[in-house]
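The values are calculated or read from the model by the stated rules, or taken from the named source; none is laboratory data. Because the structure is predicted, anything quoted here is derived from the model rather than measured. Quick reminder, even Gly has a Cβ in these numbers, built from the backbone with ideal geometry, and neighbours come from all protein chains shown. SASA here: full protein model, heavy atoms, side chains in, ligands and nucleic acids out. Shrake-Rupley method; radii C 1.70, N 1.55, O 1.52, S 1.80 Å.
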Amino acid sequence: MRICIVIPSFLPVTGGAELGAHQLGRRLVSRGHDVTVITPQLDGRWPLAETAAGGVRVRRFHIPRWLPGRATLPAVLATYWSIGRLLAERRPDLLNLHYLLTTGLGAHWRARRLGIPTVLTLIGMDVYDPLYRPPQLLRPLMRRAIHESGTIVCISTFVRDVVAREYLGGRLDRLEIVPHGVDVKEFHPGVSGEEIRARYRIGPDEKIVLTVQRLFARKGVQHFIRAAAVIRDTCPRTRFLIVGEGPERAALEALARELRLQDVVDFTGFVDAAALPAVYAAADVFAFHTFHEGLGIVLLEAIASGRPVRAPSTSSASV
């Protein structure tokens, strides 16, 4: 079967949605399917066509700079404009849309006209994040796409409940729950974390509290740092590892300096996926502190690695 996955961003972006889509594509390829990810070219240095690990084809389309409007609108319009050519070229038997915004609306519209069945996978902030509300202009189109999709998949009960409440009048019967997963051959309790401890000069008698997040405001890493200041005073033999990159890094490093935590808080920057199992293995506790999350893949990775997890009791990342 020829399957196209349409998603607003893909590798080398390494958020949970991108990793989840890649894992899905790899598994489908391993079962004999022809899988192509269609996604915007967010960086002009990225090739328009390539093959990712596991045999997943990637086709990117350009977003013209002359398109007007907010950051969301140009990508939405570019999808309506560009996706038809790529779908006609690939001629998929099935279209899997990840997110409604920014690419799902245009892809759904084209799929209906080409007679391509769709599976809509709802993951995150375009349907649940109160800090990111879709433009009112687009909400009727989002509602229509949900109603017209052949199958609707939500990655958690939380996302399902939001979609039912805001788009389906409370109906749950059309919504399936299929959580993202992690490869337990890579993430498991038997991995050694000694190399990570040695790299950051963390002694065997010191405890490590770990967070793995992109450094964006909605991830709440500033609260992890403020908590570190409290823990440092009561448990002085504790170190804190912050794994990830993002636009908030400079401000977060400044906060750590302000709280005089330079000796106990380490910013590792981006860590390649192949090295992540050792990072989890080094930790004594994994902290999850995002404000809003459909289902954090880092939670699943930490659990699969056998690490105790501390998350808010009101966390929206439920399965």
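Which number in (1) surrounded by 15 or more Cβ atoms within 10 Å (Cβ to Cβ); (2) modelled with pLDDT of 90 or more marks the one condition that residue 204 misses?
(1) is the only condition that residue 204 fails.
Filter the stretch 23-47 down to the residues that are in a loop (DSSP other than H, G, I, E, B) and either under 24 Å from residue 125 (Cβ atoms) or at pLDDT 95 or above (or both) and list them by number.
First pass over the stretch 23-47, keeping only residues in a loop (DSSP other than H, G, I, E, B): 31-33, 41-47.
Of everything in the stretch 23-47, those that are in a loop (DSSP other than H, G, I, E, B) and either under 24 Å from residue 125 (Cβ atoms) or at pLDDT 95 or above (or both) turn out to be 31, 32, 33, 41, 42, 43, 46, 47.
Name the one entry in 231, 242, 225 that is over 21 Å from residue 183 (Cα atoms), open to solvent by less than 50 Å² (accessible area, probe 1.4 Å) and in contact with a Ser or Thr (Cβ under 6 Å, 6 or more places away or on another chain). Don't jump to the end; show me each part of the working.
On the way: 231 fails: open to solvent by less than 50 Å² (accessible area, probe 1.4 Å); 225 fails: in contact with a Ser or Thr (Cβ under 6 Å, 6 or more places away or on another chain).
Among 231, 242, 225, only 242 is over 21 Å from residue 183 (Cα atoms), open to solvent by less than 50 Å² (accessible area, probe 1.4 Å) and in contact with a Ser or Thr (Cβ under 6 Å, 6 or more places away or on another chain).
From the list 273, 304, pick out the single residue that is within 18 Å of the chain's Cα centre (by Cα), modelled with pLDDT of 95 or more and either open to solvent by less than 60 Å² (accessible area, probe 1.4 Å) or not β-branched (Val, Ile, Thr) (or both). So that I can check it myself, show each step before the final result.
Numbers: 273 fails: modelled with pLDDT of 95 or more.
From the options 273, 304, the qualifying one is 304.
Inside the stretch 118-142, can you point out the residues that are surrounded by 18 or more Cβ atoms within 10 Å (Cβ to Cβ), among the hydroxyl-bearing types (Ser, Thr, Tyr) and not in a helix (DSSP H, G or I)?
118, 121
Suppose we filter the stretch 23-38 for residues that are open to solvent by 10 Å² or more (accessible area, probe 1.4 Å) and either among the small types (Gly, Ala, Ser) or touching a Pro at 6+ places or on another chain (Cβ under 9 Å) (or both); how many remain? Give the steps one after another, and end with the answer.
If we filter the stretch 23-38 for residues that are open to solvent by 10 Å² or more (accessible area, probe 1.4 Å), which is where we start, we get 23-24, 26-34.
Keeping just the survivors that are either among the small types (Gly, Ala, Ser) or touching a Pro at 6+ places or on another chain (Cβ under 9 Å) (or both) gives 30, 32, 34.
Summing the residues that are open to solvent by 10 Å² or more (accessible area, probe 1.4 Å) and either among the small types (Gly, Ala, Ser) or touching a Pro at 6+ places or on another chain (Cβ under 9 Å) (or both) in the stretch 23-38 gives 3.
When the stretch 287-298 is examined, which residues are found to be open to solvent by 20 Å² or more (accessible area, probe 1.4 Å) and within 19 Å of residue 191 (Cβ to Cβ)? Steps first, answer last, please.
As a first pass, look at the stretch 287-298 and keep what is open to solvent by 20 Å² or more (accessible area, probe 1.4 Å): 289, 291-293, 298.
Residue satisfying the conditions is 298 alone.
Just one of 20, 54 is surrounded by 16 or more Cβ atoms within 10 Å (Cβ to Cβ) and either at pLDDT 95 or above or under 30 Å from residue 272 (Cα atoms) (or both); which is it?
Values: 54 fails: surrounded by 16 or more Cβ atoms within 10 Å (Cβ to Cβ).
Going through 20, 54 in turn, just one is surrounded by 16 or more Cβ atoms within 10 Å (Cβ to Cβ) and either at pLDDT 95 or above or under 30 Å from residue 272 (Cα atoms) (or both): 20.
Can you find a residue that is among the basic types (Lys, Arg), in contact with a helix residue (DSSP H, G or I) (Cβ under 6 Å, 6 or more places away or on another chain), in a strand (DSSP E or B) and over 28 Å from residue 185 (Cα atoms) anywhere in the stretch 57-67?
From the stretch 57-67, those among the basic types (Lys, Arg) are 57, 59-60, 65; that's our starting set.
Those still in the list that are in contact with a helix residue (DSSP H, G or I) (Cβ under 6 Å, 6 or more places away or on another chain) too: 59.
Okay, now just the ones that are also in a strand (DSSP E or B), so 59.
Now restrict to residues that are over 28 Å from residue 185 (Cα atoms): 59.
Checked the stretch 57-67: at least one residue is among the basic types (Lys, Arg), in contact with a helix residue (DSSP H, G or I) (Cβ under 6 Å, 6 or more places away or on another chain), in a strand (DSSP E or B) and over 28 Å from residue 185 (Cα atoms).
Restricted to the stretch 143-174, and to residues that are aliphatic (A, V, I, L, M) and assigned to a loop (DSSP other than H, G, I, E, B), which residue is most open to solvent (accessible area, probe 1.4 Å)?
If we filter the stretch 143-174 for residues that are aliphatic (A, V, I, L, M), which is where we start, we get 145-146, 152-153, 155, 159, 162-164, 168, 172.
Now narrow it down to the ones that are assigned to a loop (DSSP other than H, G, I, E, B): 155, 168, 172.
On the way: 155: 3, 168: 12, 172: 78 Å².
Ranking the qualifying residues of the stretch 143-174, first place goes to 172.
Residue 249 fails exactly one of the following numbered conditions: (1) in contact with a strand residue (DSSP E or B) (Cβ under 7 Å, 6 or more places away or on another chain); (2) open to solvent by less than 60 Å² (accessible area, probe 1.4 Å); (3) within 20 Å of residue 19 (Cβ to Cβ). What is the number of that condition?
The one condition residue 249 does not meet is (3).
Only one of (1) over 27 Å from residue 297 (Cβ atoms); (2) open to solvent by 60 Å² or more (accessible area, probe 1.4 Å); (3) more than 22 Å from the chain's Cα centre (by Cα) is not met by residue 82, so which one is it?
Condition not satisfied by residue 82: (2).
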